[in-house]
Each structure stands twice: as structure tokens, then as C-alpha cells.
Amino acid sequence: MDGRASVIADCNRCNGAAVVGDNSVTLGPALACTRAFCSTSAPFDTKFVQILGTESVANVDGSLLTLRSERGILRFRR
């Protein structure tokens, strides 16, 4: 599925192209984000967007979504 993604990264909002495959998720090639300084989590928000951007291998196990790439691993619970 090709489309758009919206992401909230602490106090910033991002959006960009999104492609969802059978076992992959690709955001970008770059996400357009607001550039507010998030005083409660800096630089976490920037690192989160860096890991999330571009292609990741996706795995869903129950309510857990795991995205893996050479940049790192992100886990999301529903």
C-alpha cells in the first residue's frame, strides 16, 4: 500500500511518503518535521525520526509491532 504517514515525535509532527509491504514499512526517503526543541526529551525525538525514516523490516506479534533496520529497533504496543 502506498500512501502518506503522519508521525508525532514528542513535541514535533512529521509527515511523508509511506509504503507498506508484506513484511516491510518504508517512510520517506525523508520525513518533513517541525523543528521545535522538545525540552523534555531532546534529542530523543530526533533519534526516533532517524530510526523510523527509510525502510524497516516489520513484524507484528499480537499487539506488538517491531520495526528493525541497520539504524536500530523500534517497538510499538497498541
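The values are calculated or read from the model by the stated rules, or taken from the named source; none is laboratory data. This one's a predicted model, so the numbers in the text were calculated from it and none came from an experiment. Methodologically, a virtual Cβ is constructed for each residue, glycine included, from the backbone with ideal geometry; neighbour enumeration extends over all protein chains shown.
Here are a few things to note about the model shown:
- Only residues that are among the small types (Gly, Ala, Ser) and under 18 Å from GLY72 (Cα atoms) were counted across the range 1-40, and they come to 4.
- The residues in the range 47-78 that are under 17 Å from ILE8 (Cα atoms), of a type in the set (Val, Ile, Thr) and free of Cβ contacts under 8 Å to residues at least 24 places away in the same chain can be counted, and the count is 1.
- Candidate set from the range 20-51 (those that are in contact with a Ser or Thr (Cβ under 9 Å, 6 or more places away or on another chain) and aliphatic (A, V, I, L, M)); member that is modelled with the lowest pLDDT: ALA30
- Filter result (assigned to a strand (DSSP E or B), surrounded by 14 or more Cβ atoms within 10 Å (Cβ to Cβ) and not polar (S, T, N, Q)) within the range 14-58: CYS14, GLY16, ALA17, ALA18, VAL19, VAL20, VAL25, LEU27, CYS33, GLU55, ALA58
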